[in-house]
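Student: This structure is in C-alpha cells; I'll ask about it shortly.
The values are calculated or read from the model by the stated rules, or taken from the named source; none is laboratory data. Please read all numbers here as calculations on a predicted model, not as lab measurements. Backbone-built Cβ (ideal geometry, glycine too); neighbour counts: all protein chains shown. Please note that ligands, DNA and RNA were not included when accessible areas were found on the heavy atoms of the full protein model with its side chains. Shrake-Rupley method; radii C 1.70, N 1.55, O 1.52, S 1.80 Å.
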Amino acid sequence: MGVRAEATVSLGQVRLPADVDGPDDATGVVLFAHGSGSSRHSPRNVAVARVLQRRRLVTVLVDLLTAEEDEVDARTAQWRFDIDLLADRLTGTLDWLAAEPTLGRLPVGLFGASTGAAAALVAAAARPQRVAAVVSRGGRPDLAGPALSGVRAPTLLLVGGLDDQVITMNEQAAELLAAPHELRVVPGAGHLFEEPGTLDQVADAAADWFTHHLPVPA
C-alpha cells in the first residue's frame, strides 16, 4: 500500500505544504526542491518522483514558498532567486524529516531543478551528515556560490544538450565542487527536458544515482 500523505512542514511561523509518497519498504528518501516559478505540483518533478518511488524511494515534494509568497513571486519574481531563503527552507525541511519517526531513519537525497538545485547544494553543505546524494536537473548550481566547496554528497548534474548557457554554468560550478561529481549532458534536450524521452533519461539517471549512493539503512 505504501506511504502517501499530505503533510505540513512547520518552520517557526512558516507552514509549507508537502506531498509524501513511496513504498512501505523504502530504502531512502528524496526531497525535491523545485525551480523558479514552479511548485510541488511540477509535472516534470512529479514524473521523476514516480520513477524513484518504483525504485523503493520515498519522495517528498515541498513548496518552499508560502501561498502568499508564491502569489507575490508570480507577479514580481521576488523570491525565486533568493537562494538563501530557499536553502533555509530546504534545510529546515531536512530537519523536519529527521524528526519523523519512520522517515527519519532513512538516508536522504536531494533533487533540485533550476534554482532549486542551488538551494539543494547549499542545504547539502549545511547538513553534510544528513544528505547522502544530490541530483540537479537543468539546474543553476552556480548560484550556490561558496557553498559548493562545502558539499560532501556525491552530486550528479544533468543538463540538456541544447541548453548551452546552462551547460557552461554547470561546468563552472563543477570545477568548484569538492564532492565526487559528474556532469552528464542529455543529447537533444532543452532546458525543460520536454523533448520525447529526455525526461525519462533524467528520471532513470537520478534513480540510479540515488540507489547507488544512498547507504543501506541500519
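Student: Quick one: which of 95, 82 is acidic (Asp, Glu), at pLDDT 95 or above, out of contact with any Ser or Thr (no Cβ under 7 Å at 6 or more places or on another chain) and open to solvent by 10 Å² or more (accessible area, probe 1.4 Å)?
Tutor: Selected residue: 95, the only one of 95, 82 that is acidic (Asp, Glu), at pLDDT 95 or above, out of contact with any Ser or Thr (no Cβ under 7 Å at 6 or more places or on another chain) and open to solvent by 10 Å² or more (accessible area, probe 1.4 Å).
Student: Among (1) part of a strand (DSSP E or B); (2) buried (at least 20 other Cβ atoms within 10 Å of the Cβ), where does residue 8 come up short?
Tutor: Against the list (1) part of a strand (DSSP E or B); (2) buried (at least 20 other Cβ atoms within 10 Å of the Cβ), residue 8 comes up short only on (2).
Student: Another one. Which condition number does residue 133 fail, the rest of (1) assigned to a helix (DSSP H, G or I); (2) open to solvent by less than 70 Å² (accessible area, probe 1.4 Å); (3) in contact (Cβ under 8 Å) with a residue 60 or more places away in the chain being met?
Tutor: Looking at each condition in turn, residue 133 falls short on (1).
Student: Another question about this same structure. Scan 144, 118 and give me the residue that is touching a residue at least 60 places away in the same chain (Cβ under 8 Å) and among the hydrophobic types (A, V, I, L, M, F, W, C).
Tutor: Checking each option against the conditions leaves just 144.
Student: For residue 73, state whether it is touching a residue at least 24 places away in the same chain (Cβ under 8 Å) and either surrounded by fewer than 16 Cβ atoms within 10 Å (Cβ to Cβ) or farther than 29 Å from residue 53 by Cβ (or both). Before you say what the answer is, go through the steps one by one.
Tutor: Details: touching a residue at least 24 places away in the same chain (Cβ under 8 Å): yes; either surrounded by fewer than 16 Cβ atoms within 10 Å (Cβ to Cβ) or farther than 29 Å from residue 53 by Cβ (or both): no.
The answer is no for residue 73.
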